[in-house]
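The values are calculated or read from the model by the stated rules, or taken from the named source; none is laboratory data. Treat the numbers as computed from the prediction; the structure is a model and nothing was measured. FYI the Cβ positions are ideal-geometry reconstructions off the backbone, even for glycines, and counts take in every protein chain you see. These area figures cover heavy atoms from the full protein model, side chains too; ligands, DNA and RNA do not enter into them. Shrake-Rupley method; radii C 1.70, N 1.55, O 1.52, S 1.80 Å.
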Amino acid sequence: MTAHPADYETPLKFAYWVPNVSGGLVVSTIEQRTNWEFDYNKKLARIAEDAGFEYALTQTRYAASYGADKQHEATSFSLALLAATERLKVIAAVHPGMWHPGVLAKFIITADHLSGGRAAVNVVSGWLKDEFTGFGLPWLEHDERYVRTEEFIRVLRGLWTECDYSQSGAYYDISNFTLNPPPVDVPGRAHPEIFFGGNSTAAQAAAGRVADWYFSNGRDLEGFQENIAGVLAAAEQGRTAPARPRFGLNGFVIARDTEKEAKETLREIVAKAHRPAVEGFAQAVKEAGQSTKDGKGMWEDSTFEDLVQYNDGFRTKLIGTPEQIAERIVEYKKIGVNLLLTCYLHFQEEVEAFGRDILPIVRELEADLARAHGTSLNTDLLPETRLAGAA
């Protein structure tokens with residue numbers, strides 16, 4: 001297994017899923033004080049950046065899924081959130097095959113200038129066949145989707161960093177093309193960050209070669225170590241991006257005064273699951289997991305309970321008291337996680353509580369961890385917080 005030493009000096013980064021989809025982030029009839037519309041999300045984004053979150057990830061879907069019947073488009077919603085905030089970086093999820101990479105590159109450049117260098121993109125290869133066939137677009141088999149995705153990312157990076165860029169491949173041919181203006185010149189950033197998600201062997205290989213960030217569905221410690229090893233092995237063999245990828249992990253947060261209360265909330269979420277929607281989702285995502293050549297894709301071993309949070313967020317086990325959750329988060333840092341992508345039942349209240357009650361403990365534990373390894377936590381890299389009681 002390829003080793004990936006933890007970065008003890010750099011503080012963990014935190015993100016949240018933008019609830020731009022009706023029904024919240026669990027497929028359950030439990031009460032969720034979360035709203036998919038813009039006014040709610042604008043307030044949430046401001047709460048998040050004041051609480052110490054650095055990123056927000058806007059979901060992309062075109063056909064109704066996860067039991068939801070309404071969803072806003074990701075790139076336009078992300079642009080609106082960028083305009084409504086000052087420091088938050090907003091990641092728009094996009095599907096190759098739905099977008100031409102040159103058009104997207106230009107869109108993100110404009111968003112980057114309008115936001116002062118805070119635009120980012122999450123390239124999602126796509127698993128929902130009905131979206132592609134319903135639009136009359138070609139549907140590719142699993143591993144071939146990642147071939148297209150890798151070409152797509154190369155085009156983005158090339159157009160963002162070079163003049164007269166050319167690239168010839170199976171899916172995209174770019175000929176001596178220049179985009180002006182280029183993205184905003186942000187110190188420490190070569191171009192708008194490129195996030196990339198997937199658990200399969202093909203996804204890990206593509207991420208290792210071209211992505212800035214590798215995102216995973218919820219995983220336990222051992223499972224995510226395997227993912228990290230797969231990505232780094234590919235990076236060592238054929239990395240074309242300038243720096244090694246960093247690692248982000250999805251987790252559903254249930255923080256309560258006692259562990260018993262937190263676990264009872266989880267039990268209630270699952271007990272009130274919208275069973276037809278979860279079972280329908282499980283059937284649909286077989287295309288993503290079990291269709292891979294080696295059977296190692298997203299959701300390939302997910303249980304019914306796992307799929308009630310449709311990105312396996314319960315599996316990361318960020319469930320308990322603030323102290324327990326903070327300790328669990330730092331255990332993930334020890335294996336090489338750089339960013340936690342979080343979701344909640346009641347987003348506004350719980351994002352604020354995360355910044356107030358959990359993040360200060362995380363920072364203390366990170367400082368202790370750094371000292372134990374003969375270094376110190378670089379507090380200059382901590383995001384600005386404006387929330388009373390936050391670190």
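Quick notes
- With N the number of residues in the stretch 80-194, Rg(Cα) / (2.2 N^0.38 Å) evaluates to 1.11.
- Comparing A205, A241, A15 in a Gaussian network model of the chain where C-alpha atoms under 10 Å apart are linked, the largest mean-square fluctuation is found at A241.
- Paramagnetic reach from L369 in the stretch 337-358 [backbone N under 11 Å; point 7 Å along Cα→Cβ]: 337-340
- Equivalent-ellipsoid semi-axes for the stretch 16-156 (Cα gyration tensor, √(5λ), whole Å, largest first): 25, 21, 11.
- Extending 7 Å from Cα along the Cβ direction at T265 and again at E86 yields two label points whose distance is 2.9 nm.
- Based on the Stokes-Einstein relation at 37 °C and a viscosity of 0.692 mPa s, and on the Kirkwood radius from alpha carbon pairs, the chain is assigned a translational diffusion coefficient of 155 µm²/s.
- Extension gain from I335 to K42, taking 0.36 nm per residue of separation minus the Cα-Cα distance: 102.1 nm
- Pairs with C-alpha atoms separated by more than 31 Å, drawn from the list K263/K333; K43/K129; K43/K333; K43/K70; K129/K263, are K43/K129; K129/K263.
- Sites R244 and F135 - FRET efficiency at Förster radius 30 Å, r taken between beta-carbons, to 0.05: 0.25
- DSSP beta bridge pairing in the chain, given as percent antiparallel to the nearest 5: 10
- Solvent-accessible surface (1.4 angstrom probe) belonging to R328, in square angstrom, nearest 10: 50
- Percent carbon-and-sulfur accessible area, the chain, ignoring ligands, DNA and RNA, probe 1.4 Å: 49
- By the rule of a C-alpha distance below 16 Å, with chain neighbours fewer than 8 residues away ignored, the aspartates and glutamates paired with K334 are D7, E9, D220, E222, E226, E364, E366, D368.
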